[in-house]
Amino acid sequence: MIIIKSNASLLYNTNDNSKTVFDCFDSYIIDDRNPKENVSFQTNYLIPYCRRPLSTDHINKIQGYIENTYTFKNLSLQGITSENLLQWSISLDIIEQYSIYLIKNDTKFDEFIFNNCSSLWFGSNCQYTFNLSMPIESFGDFVNYSFNAREQYERKILIHTCYPHLSGCYRGPEPMCLDWREICDGKIDCIGDNFGIDEEYCNELEIYECKEDEYRCHNGAQCIPREFFRDGRPSKDCLDGTDEAEYFRASASSNMAPFLTCIDSMLFRCEETTCREPQEFSCGDGSCFMFHPSFNLINYNPDACASTGRVAYYRQAIYKSAKRYPNDCYLILFCKLGFYDILQNDTYNITDCSYENLSSKNCTLEYLSFPLEPIFNGYFQPFYSTQYFNNPDYDKWPAYICTNPRLCLYLPNVVKHMKGLDCRPHPGFLNHDQSLSSRLKEDTKICALMGNINKYESNSSLFYCKKSDKYISKHRLIDGILDCYYDEDESYTHSCSLNDTQRFNCTPETKCLSPIGIGIDKPQCENTEDEKIDNDETFIYTRLCNDIHHYEELSREDNETDETNCEWWPCHTPYTRCDNFFQCANGIDELNCPDVNCNINEFKCEIINSTNDYYCIPQEYIYEKSVDCINHDFSDNNNLWRTIFYSNNLTININQEYISWKEKTCLTKNDICDDSSTNDQQLICNIVEKENICINYPFSVDLYNNGTLCNIVKNHYFRYPKFYYFSTWNFGYFPTIINETSLTSQQFIHIKPKKPLEINTNVELIEYCNRGIVIYEGKSYEKKCLCPPNYFGDRCQWQNQRISLTLQIRPVGSHEYKLSIYDIFIYLIDNENQIIHNYEVINYISSINCNTKYNRYLLYPDQPKNVNYTYSIRIDIYEKLASLNYYGSRNLSIPFPFLPVNRISTQIRIPSEKSQPLTNCSIRCGNHGQCFNYIDTTNEFCLCNQGYSGRFCNITYQHSCSSGSTALNTSICLCPLNKFGSKCYLQHKYCQSNNNSCQNNGLCIPYNYHTNHDDFICLCPENFMGSHCEYQSNRINIHFKIDSIPSLIFAHYIISHHDKKHERITMFKKIPFDQYSIDLFYTIPFNLLFIEFEKNYYLTVLREKSIRLENISTNINQDYKCEDIKKFLNSTILNYKNLRRLKYYQLPCIKNLKLKCFYDDKYMCVCDKNRYSNCFDFNHVPYGCQGNNYCENNGTCFQNNIICPSTSACVCKKCYYGSKCQFNSVGFSTSLDVIFGYHIKPFISFTKQSKAVKITASITILMLIFSIINGVLSTLTFKNESLLKVGCGIYLLTNSIISILTITIFTIKYFQLIIFQMKTITNTSFINFSCILTDVLLKILLSFGDWLYACVAIERTLAATQGIHFNPSKSKYIAKYVIPIILCLISIFYIHDPISRRILHDDDDEQRTWCILEYSTNLKKYDKFINLFHFLTPFIINILSAICITIQVFRIRVKTKKKSAYKKILYSQIQQNKHLLISPSILILLSIPRLIISFLSGCMDSIRNPWLYLVGYYISFIPPLLIIILFILPSRTYKQEFISIIQKINFFSK
């Protein structure tokens, strides 16, 4: 079997369902950003080129070159799959039908016949070819190459398309016709019976207003997001193109950029754009001819519409229309008005214009008009008197000028009526050199600028030009366009009172410019300050103090210019180096330039009268003579000329009488003037020429004594300003490059270049399909046309009604990292039934496509569109990564149905959470749909279940979508990620589970199924890069050598470019709580890296030249901190205006030798190796979450990208933590989870956990062992009957048991925390049970232990005070009741704790699981009171007990031993009763740390440093371990019993 491989399977829609749209190719075009303009986005086009004949055109089925013919059954038997067929010359429709046949085993398609075409032929009958020598890899590239080939035929081709849907419009003599752009263009183009229908309803545009956050396109036909205003000149989002500047500065020399041409473009900026100003002439392809009152289609205008030839074509048509006159009359016009210069191959020629021949002709008409319609200068129809044609003075001058009676009402009174026109006498004839067009110039302005075409009623949006009797929109005031004849609109003095926030306020004037005037476009402020607003490329700093004057962008500030006050600026900077001018006196700024092929320390010397040739001259051969500066008169800028010469004689300066350029690193004024009296050791090597000591230009050298001169220095007077960009020259490298070579073994990521198509075209082929693409049909190679949606007809000659939609899709950003892939369906629906009539689908990947504008066409179901229906656009968003889930919808209205093209430009914000169905809905969706709100509105609609449609989901439909896909309509299927095709039956070759082309866990995403079936992209983990994620990303390891480690940092990468503005990429990175270093990964080489946190900047990496492959290790320390400029400059300097203040920015680097960088509100500055302060624009605006703050408890929200956020992070206030700052660490509520949970790493085994985890685990186990020993021995001791005779023994026995239980539960709590955080156990029920029970048990047992100690203290106090009156039996009786009562009361007091506990899974924070408390405000107060009560009350009781016992015993002893000294008695009693004092004292000491922590700190400041709290937490568990030490060993009775127990244990052990 012969298989002909081709990409012709890109053809689709080959079925016979439609007779007017079939056999389509998708032109997929990415219009990349222009490097010379500040455009930050791509524009994505998917334009279907199809056969689009009229329904009346006859379509023949023609056969082409067929290689083989097959049936489905034959293919199946040979094991051919649908994937194999994608490489054949077969359309997608047939391939998908074959796939269905294989899956369903449908025998009725066994004999389905299809053709495998010969090479370069395609189509259902192999009937088509592009007649190229090579296959087309991309149809979009083919379209681009085809249109680029048209450029060579400018002024030679005729592109003639017409708008046919304005019934009854007569544009002029055939083939003149209406272009859709001429509807609502401010002038009447439809004349005759339906006069002015092209301007009908257009008054609605003038009164249309937009929302506050929108920009109103100047013609009023559209509102666009304000972000789209001036976002890139190639992307025109307004129908009239007024969202972008018409002119922009192409370079610093103030050149204006050329017009964007349309002869080579089919993009929206041409095809979907009208003329910018009213009454301009549309050329039919998006280009326009500038309006001026003397322009008309009669005169010769070779530059008018050179891309389409529309003006010249119409001119010929107008002249030919005169043939309606009788031959004799026509000949008179032909000769007298010079038709012979216009019409070639006419009936007559110039030889027929002899006097004798004309005299013999008999024209019976008194007047002849030309042109035959009132279209001269747009309004007039001149009438010529035949009797004057023989008068040489008046033979070319009309007798009357006539106009339509509905126009030009403000001209002088009518004197005559002819053919229904109002006629006025001709303007006076002045001389033969003046044309009629120029004589009618003022009348043309009156017709155009006085009165309105449509009737207006007074409206708040309108301004009335009283003298001109004309209503205009208030937005047309001060817009630089004359709309009113008497200039009322441009001389209006209250433009700042119009309540228009988008106007530009000229500060020294009471004038506010229309937005379209901002920049170089008119109007302008007197001081041209509006130019700077629109010129992002004005880099002030790079142009200072370089001895080049006259930057137009740098206006003076209080007589300060860019070249004044430059004493601190050196002559050799990154912006004077290699600019072909000698700023340094010895030319060191022009040595060793990168683009000069000379040896080191050699000057380039350009050979005179040669374009590119030059010599190289060593610096050591350049000398100069000293000059007399003392006696020279420098007044009136009188220059002193230096004497410089060249000599290669090594002995010429043996007596040191000349100055050698090489020997002087810095050649100063003192050197040149030979002034040795002054110290010339200058700190700054300034520009000498600023002191009027100049080189005598030109400096020419005869290097080889052969008469060939070369210039080493250019003429000073012809220095043109250069367009400077931020340069990193002389920055050096920090940290040192250590492993660049080790990484070069990795291959570079190569992109296979596309082979350019060789398009053989000519004028005939271009003109045949107008703005379409020629394709050949059949063996006879008959020409056919593939038309884009904006054209139709067998030759793409008709302009379509349509909606041209520009869509930018932006995610709002989520607190969790979300890899989002969406299918976005764009439907054209009728508002009455919500039936889908046309649709487009966009596959959107937020991490890739956020900075993309999508341009798509939607066509109406009928041509012309049915005026009885109103339409709107519904956009449905579906998540596609895991499953096909509905996410949300947006609705766009279509205003102004009378417009032929509805241009809609908008932005869709995908919310962080998907839409939820409404429970209460004003519309009934029945049982087969759900009610939703549209995104950002309260408008409701029904989302229908599969199989149902309509406004109320009551219309059923059948579909043929594959299993696993979702039917959205009878013919619209939502395909899973791995499938494509109109019915989702085709499988992508790549990205299958068994054929994943992405390595290293990269996510494989297929795309562009209509343009290339094998295309896919890999979304790589951050540490891998490459088209298949095959390479490791470059890594930057950053160690923090500072006291406070932040939780979040911003990394600002600065990328320098030599031909455009520097680029900045910002990302953020969270720092785990247990780490003191982080790794950043990058794929794009950069020059500088700044790390920002807590409003401080640190210069972290410095690369003079970016290095493509490199691993870097660096530190964050105070030495590389960037300081605020306010630290170095005094208030006087800081208060200077910008231009002067910047002159002092050299001081910080010069005077602070350790300083690395500094910043102000606008600039970031780096000190280079020569201590030059190199500054660049740096926006300090924080990357906030733009109103979508997910952070709780006043946490600060940050996004990883201000425009295209994929995730956000929270920086928490003191005492709060968690991914959303949802947890707190306040006071006694602090648990082990809060203190230590973050130090346990999830999904890591215990052996690999941190030292802190292992140490605390060891301490906990030791505590458990000690607790068991302590508790068992204490229990055995206090079980003695004699000790249990009093309540104290019972308390201590109970506490001995409680101590074992407390430490056991504490150990369980600790290891539960370890296991849960390590994710060893993930059972939610078990974790929840442990959360509720463990912590509250610890609280109860600790408090119970404290109260038992307090009971012991109280009983001892009573015993000491009552003495012999103390009743042991009663105390024992009381103890048996007190113990359970205290336990019950404590449990009741803490009952709120388990009720308020719950489990929270923080998936954004390493998938951690937390046991948290959530208290209401009142409950928080109660909890704090209870905790303090159970802590302080036993604490106070112990203190009072110790004091009372000591005082009571002391008083008794004093009474019995009155003669003894007080001190001696006190000391003796303390020694005898120390067991009564030791235990409360130690308990008090152990409680003090907890007390101090709770009252002083209030909360744990940082989860990173929990050690103080951790120590306090562990101290709280020490008292249960000290019963032996606190109560047994100090007491003789308890100690004796304890020793006997030990002896018994020893006895039994033996």
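The values are calculated or read from the model by the stated rules, or taken from the named source; none is laboratory data. Keep in mind the model is a prediction, meaning the values are calculated, not measured. Glycine gets a Cβ as well: all are built from the backbone with ideal geometry, and neighbour counts include every protein chain shown. We work out accessible area using only protein heavy atoms, side chains counted, and drop any ligands, DNA or RNA first. Shrake-Rupley method; radii C 1.70, N 1.55, O 1.52, S 1.80 Å.
Here are the numbers:
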| read-out | value |
| --- | --- |
| Close pairs from the stretch 595-617: first part of a loop (DSSP other than H, G, I, E, B), partner aromatic (Phe, Trp, Tyr), Cβ under 8 Å, at least 6 apart | Val596/Tyr614 |
| Meets criteria (hydrophobic (A, V, I, L, M, F, W, C) and out of contact with any helix residue (DSSP H, G or I) (no Cβ under 8 Å at 6 or more places or on another chain)) for Cys1204 | no |
| The stretch 1034-1048 - residue that is of a type outside the set (Lys, Arg) and part of a loop (DSSP other than H, G, I, E, B) and, of those, nearest to Ile738 (Cα to Cα) | Ile1042 |
| Enumeration of residues in the stretch 1035-1044 that are at pLDDT below 90 and either within 22 Å of the chain's Cα centre (by Cα) or open to solvent by less than 30 Å² (accessible area, probe 1.4 Å) (or both) | Ile1042 |
| Qualifying residue in the stretch 1108-1122 (condition: outside any loop (DSSP other than H, G, I, E, B), modelled with pLDDT under 90 and surrounded by fewer than 21 Cβ atoms within 10 Å (Cβ to Cβ)) | no |
| Residue list for the stretch 795-838, filter: among the aromatic types (Phe, Trp, Tyr) and at pLDDT 95 or above | Trp798, Phe825, Tyr827 |
| The listed residue being modelled with pLDDT under 90 and within 22 Å of Thr161 (Cα to Cα), out of Ala317, Ala304 | Ala304 |
| Failed criterion for Cys931 (all others in (1) free of Cβ contacts under 8 Å to residues at least 40 places away in the same chain; (2) in contact with a strand residue (DSSP E or B) (Cβ under 9 Å, 6 or more places away or on another chain); (3) not in a strand (DSSP E or B) hold) | (3) |
| Filter result (over 19 Å from Pro1434 (Cα atoms) and among the small types (Gly, Ala, Ser)) within the stretch 1374-1408 | Ser1396 |
| Condition check for Arg1171: modelled with pLDDT under 95, open to solvent by 60 Å² or more (accessible area, probe 1.4 Å) and not in a helix (DSSP H, G or I) | no |
| Qualifying residue in the stretch 1298-1313 (condition: hydrophobic (A, V, I, L, M, F, W, C), open to solvent by 10 Å² or more (accessible area, probe 1.4 Å) and under 22 Å from Lys1535 (Cβ atoms)) | yes |
| Qualifying position, being at pLDDT below 85 and touching a Phe, Trp or Tyr at 6+ places or on another chain (Cβ under 7 Å), among Lys1319, Lys1372 | Lys1319 |
| Count of residues meeting criterion [assigned to a helix (DSSP H, G or I), in contact (Cβ under 8 Å) with a residue 40 or more places away in the chain and either touching a strand residue (DSSP E or B) at 6+ places or on another chain (Cβ under 7 Å) or open to solvent by 70 Å² or more (accessible area, probe 1.4 Å) (or both)] in the stretch 1238-1275 | 4 |
| Of the criteria (1) of a type outside the set (Ser, Thr, Tyr); (2) surrounded by 18 or more Cβ atoms within 10 Å (Cβ to Cβ); (3) touching a Lys or Arg at 6+ places or on another chain (Cβ under 8 Å), which one Asp936 fails | (2) |
| In the stretch 1139-1166, the residues that are touching a strand residue (DSSP E or B) at 6+ places or on another chain (Cβ under 7 Å), open to solvent by 10 Å² or more (accessible area, probe 1.4 Å) and among the hydrophobic types (A, V, I, L, M, F, W, C) | Leu1155 |
| Filtered residues of the stretch 891-910 (kept if at pLDDT below 95 and charged (D, E, K, R)) | Arg909 |
| Selection status of Ser497, surrounded by fewer than 16 Cβ atoms within 10 Å (Cβ to Cβ), small (Gly, Ala, Ser) and free of Cβ contacts under 8 Å to residues at least 12 places away in the same chain | yes |
| Test: residue in the stretch 360-367 that is open to solvent by 40 Å² or more (accessible area, probe 1.4 Å) and small (Gly, Ala, Ser) | yes |
| Residues of the stretch 595-641 that turn out to be among the charged types (D, E, K, R) and closer than 20 Å to Asn706 by Cβ, as a count | 4 |
| Whichever residue in the stretch 618-661 is of a type in the set (Val, Ile, Thr), open to solvent by less than 50 Å² (accessible area, probe 1.4 Å) and part of a loop (DSSP other than H, G, I, E, B) and, among such residues, is farthest from Asn696 (Cα to Cα) | Ile652 |
| Failed item in (1) open to solvent by 20 Å² or more (accessible area, probe 1.4 Å); (2) modelled with pLDDT under 90, with Tyr325 passing the rest | (2) |
| Unmet requirement for Cys117, which otherwise passes all of (1) open to solvent by 10 Å² or more (accessible area, probe 1.4 Å); (2) touching an Asp or Glu at 6+ places or on another chain (Cβ under 7 Å); (3) closer than 30 Å to Lys61 by Cα | (1) |
| The stretch 900-922: number of residues that are open to solvent by less than 50 Å² (accessible area, probe 1.4 Å) and not charged (D, E, K, R) | 13 |
| Given (1) assigned to a loop (DSSP other than H, G, I, E, B); (2) in contact (Cβ under 8 Å) with a residue 60 or more places away in the chain, index of the condition Asn902 fails | (1) |
| Qualifying residue in the stretch 470-490 (condition: within 30 Å of Asn194 (Cα to Cα), open to solvent by 50 Å² or more (accessible area, probe 1.4 Å) and in a loop (DSSP other than H, G, I, E, B)) | yes |
| Unmet requirement for Ala1360, which otherwise passes all of (1) open to solvent by less than 70 Å² (accessible area, probe 1.4 Å); (2) among the aliphatic types (A, V, I, L, M); (3) out of contact with any Ser or Thr (no Cβ under 8 Å at 6 or more places or on another chain); (4) at pLDDT 85 or above | (4) |
| Wholly within the stretch 753-813, strands (runs of 3 or more DSSP E) carrying at least 1 residues that are more than 27 Å from Phe825 (Cα to Cα), open to solvent by 30 Å² or more (accessible area, probe 1.4 Å) and among the acidic types (Asp, Glu) | 782-786 |
| Candidates Asp1393, Asp1346 - the one that is assigned to a helix (DSSP H, G or I), acidic (Asp, Glu) and closer than 19 Å to Ile1412 by Cα | Asp1393 |
| Count of the stretch 244-276 residues which are at pLDDT below 90 and aliphatic (A, V, I, L, M) | 6 |
| Residue in the stretch 980-993 that is of a type in the set (D, E, K, R), open to solvent by 20 Å² or more (accessible area, probe 1.4 Å) and under 30 Å from Leu11 (Cα atoms) present | yes |
